[in-house]
Amino acid sequence: MALPKDAVHQASAHEPFLMDCWYVAGWDHELIDGRMVARTILGKPVVLYRGESGRAVALDDRCCHRGARLSHGRVEGDCVRCMYHGLKFDATGKCVQIPGQDNIPPRLGVRGYPTVERDRLIWIWMGDPAKADAAGILDFPYLRDPGWRGHPGYLHYDANYLLIVDNLADFAHLAFVHTKTLGGSEEYAFKSKPTAIERLDDGFRVERWHLNAAPPPFHRKVVRDDAMVDRRNIARMYVPGIFFMETMFVPAGSGGADKTAPDKAAGAKQYRNCQFFTPESATSTHFFWDYLHDYALDDPNVSLSLYHSMVEGFNEDKAIIEAQQKTLEADPSFPMHAIVADAALVHFRRTLAHRIDAERSALKAVA
Ligand code: FES
Ligand SMILES: [Fe+2]
């Protein structure tokens with residue numbers, strides 16, 4: 001069975017991005033001590049810095065004079081000065097000083113992008129600034145909840161972001177890609193079935209139980225207990241590439257699709273995972289993530305161990321996905337063949353493609 005045409009949607013250099021939505025541009029700790037971050041987002045070089053007032057500023061990383069990088073410049077108050085010929089730009093990108101020239105053309109400047117900081121994440125709006133409404137930012141309360149502890153992470157992928165979304169749309173890959181890290185055994189792919197794939201207007205929700213299994217290595221490392229467990233994963237993926245997962249381990253026999261295992265069931269150990277995929281280009285991606293736990297909060301080594309386990313696991317994904325990217329680029333006409341487990345990723349790609357089409361049609365209508 002070949003995938004429906006609109007779902008094949010391979011990464012190509014001409015693939016459009018959804019513009020009118022919030023993307024994660026960075027973690028707040030990246031801007032400490034006056035640091036400037038140069039980061040390409042949706043193909044646009046952007047400079048990020050924190051001005052004197054404390055706000056995170058995002059501007060085009062290209063001086064409007066001769067194209068020097070503003071990220072090689074100097075922060076002055078909330079402004080940045082290009083260190084080539086000294087033009088100074090305010091936090092909106094407007095040129096406010098030209099050394100040796102009194103008259104500043106009123107429209108001279110670089111593009112500024114709306115930003116919002118929430119729960120240690122810096123969000124950026126790359127589309128029409130008039131539509132930037134912070135209410136549209138997805139909430140992940142665990143990042144600010146003292147009942148959870150994590151460790152923020154970042155990875156760079158040489159692959160289109162949708163290939164990473166595909167990877168997360170099916171937990172069956174845990175069994176084969178992450179056998180010795182996050183998965184635990186190949187049996188996971190055969191014995192656990194998604195109990196529900198819920199198609200959402202802006203993504204999907206998948207739930208999967210794995211009953212009476214040995215604890216996977218990343219969990220066993222921190223709990224130091226080999227007792228069999230029931231494991232529940234509930235994952236949600238939202239447009240344009242935001243993934244939230246709730247994981248719960250309970251003693252074997254106390255969970256199951258036919259039972260309601262309360263979140264705080266005796267012996268339950270839980271995790272909350274957020275992952276944010278921001279396209280750098282059509283063939284590369286910024287990946288921001290955190291993996292939080294709700295027990296042993298006074299032991300920093302638990303979050304550190306989990307962080308290292310995740311990095312190990314994500315690098316396993318990265319090796320497969322970056323090679324897949326190269327293979328797909330080599331032959332864009334390659335027809336993929338769908339299996340039942342692809343239902344969620346097919347739905348996601350359709351949903352995203354419709355949103356992008358709608359955005360482009362609206363732009364054409366205005367033009
Ligand atoms: S290139 Fe920036 S001031 Fe000349
Ligand atoms: Fe994975």
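The values are calculated or read from the model by the stated rules, or taken from the named source; none is laboratory data. Please read all numbers here as calculations on a predicted model, not as lab measurements. Glycine gets a Cβ as well: all are built from the backbone with ideal geometry, and neighbour counts include every protein chain shown.
For LEU155, work out the one condition from (1) assigned to a loop (DSSP other than H, G, I, E, B); (2) at pLDDT 95 or above it doesn't fulfil.
Exception for LEU155: condition (1).
Do we have ARG107 as in contact (Cβ under 8 Å) with a residue 24 or more places away in the chain and of a type in the set (Lys, Arg) here?
Spelling it out, it is not the case that ARG107 is in contact (Cβ under 8 Å) with a residue 24 or more places away in the chain and of a type in the set (Lys, Arg).
For (1) in contact with a Ser or Thr (Cβ under 7 Å, 6 or more places away or on another chain); (2) surrounded by 15 or more Cβ atoms within 10 Å (Cβ to Cβ), each residue gets a yes or a no:
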site: ASP290; (1), (2): no, yes
site: ASP294; (1), (2): no, yes
site: PRO300; (1), (2): no, no
site: SER303; (1), (2): no, yes
site: GLY313; (1), (2): yes, yes
site: LYS326; (1), (2): no, no
site: PRO335; (1), (2): no, no
site: PHE348; (1), (2): no, yes
site: LEU352; (1), (2): no, yes
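Looking only at the stretch 269-317, which residues are closer than 13 Å to THR181 by Cβ and acidic (Asp, Glu)?
GLU312, GLU316, ASP317
Quick one: in the stretch 98-107, of everything that is in a loop (DSSP other than H, G, I, E, B) and surrounded by fewer than 15 Cβ atoms within 10 Å (Cβ to Cβ), which residue is farthest from ligand 2 (Cβ to nearest atom)?
ASP102
Give me the strands (runs of 3 or more DSSP E) completely within the stretch 2-92, filtered to those with at least 1 residues that are modelled with pLDDT of 95 or more, within 19 Å of the chain's Cα centre (by Cα) and of a type outside the set (Phe, Trp, Tyr), ordered by residue number.
Result: 22-27, 37-41, 44-50, 56-60.
Determine which member of the set CYS95, CYS79 is in contact (Cβ under 8 Å) with a residue 24 or more places away in the chain, over 21 Å from ARG35 (Cβ atoms) and either out of contact with any helix residue (DSSP H, G or I) (no Cβ under 7 Å at 6 or more places or on another chain) or surrounded by 15 or more Cβ atoms within 10 Å (Cβ to Cβ) (or both).
Only one candidate qualifies: CYS95.
Counting just the residues of the stretch 108-146 that are touching a Gly at 6+ places or on another chain (Cβ under 8 Å) and assigned to a loop (DSSP other than H, G, I, E, B), which one comes out farthest from TRP22 (Cα to Cα)?
Filtering the stretch 108-146 for residues that are touching a Gly at 6+ places or on another chain (Cβ under 8 Å) and assigned to a loop (DSSP other than H, G, I, E, B), the one farthest from TRP22 (Cα to Cα) comes out as VAL110.
Of all residues in the stretch 110-129, count the ones that are among the basic types (Lys, Arg) and farther than 28 Å from ILE98 by Cα.
2
Hey, among ILE339, ILE321, which residue is under 30 Å from ASP158 (Cβ atoms), modelled with pLDDT under 95 and β-branched (Val, Ile, Thr)?
Going through ILE339, ILE321 in turn, the sole match is ILE339.
So, in the stretch 108-129, exactly how many residues are buried (at least 19 other Cβ atoms within 10 Å of the Cβ) and within 16 Å of ligand 1 (Cβ to nearest atom)?
Going through the stretch 108-129 one residue at a time, the tally reaches 2.
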